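Heads up, the thing below is written out as structure tokens.
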Amino acid sequence: MFGIGMQELVVILLVALIFIGPKKLPEIAQALGKGFAEFRKATQDIKDSLDIDNDVSQVKSAFQDMQNEVKGAVSDAKQAPKIWEDPPSAKQAPEPEPDAIQDSKSPEDPYSKAQAQAEAQTEAEAETEAVDDRDKKPQAAEDAPES
């Protein structure tokens, strides 16, 4: 311990016993023990804070690496051609005419078939009613009294 041999330690204890006395020696030894314990605790706290500093520096370096990667990706993106813009040679396709859109309806579409059938049935009923109305009008004219 501290480079002190057994003989030197015995001499130090004898000198302390002579100068301090047997009554105060246990109190001083207790105080020295508490002092050493506090010293060890303080040194351990310093070691822990150095470890925390080491951990913090590792985290900082990780964030620095990520920041460099993001900056590199951003600079690469700025240098890359813009794919969302049309090249100057590209022509815009003409918009289809509304009649062409209606004609291109799928004949297999059940809604279109049902709608076409309903329209045809409505037209047939309208023609039947028109024929019935024409037949009724001349009869009404014949039944009317002549003036």
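Can you tell which of 70, 35, 58 lies farthest toward the positive end of the dipole of the range 22-78, using +1 and -1 charges on the Cβ of basic and acidic side chains (Lys, Arg; Asp, Glu)?
Of the candidates, 35 comes out farthest on the positive side.
Is any residue of the range 16-43 close enough, with backbone N under 20 Å, to a label point placed 7 angstrom from the Cα of residue 54 along the Cα-Cβ axis, and if so, which?
Correct set: 40-43.
Show me, for the range 61-71, the HN-Hα J-couplings you get by feeding each phi into the Karplus relation (A = 6.51, B = -1.76, C = 1.60, θ = phi - 60°), rounded to Hz, glycine and proline as x.
5, 5, 5, 5, 4, 5, 4, 5, 5, 5, 4
Which ³J(HN,Hα) values, rounded to whole Hz and listed in residue order, are derived for the range 32-46 from phi using the Karplus coefficients 6.51, -1.76 and 1.60 in 6.51 cos²θ - 1.76 cosθ + 1.60 with θ = phi - 60°, glycine and proline given as x?
5, x, 5, x, 5, 5, 5, 4, 4, 5, 5, 5, 5, 4, 5
Quote the charge dipole size of the range 22-78 about the Cα centre in Debye, to the nearest 20; the model charges only the Cβ of Lys and Arg (+1) and of Asp and Glu (-1).
Working: 9 positive and 10 negative charges, 94 e Å.
Using only the charged Cβ atoms, the result is roughly 440 debye.
We did not get these values from a lab; they are worked out from the coordinates using the rules stated. Quick caveat: nothing in here was measured; it's all calculated off a predicted structure. So basically every Cβ, Gly included, is an ideal-geometry build from the backbone, and we count neighbours across all protein chains shown.
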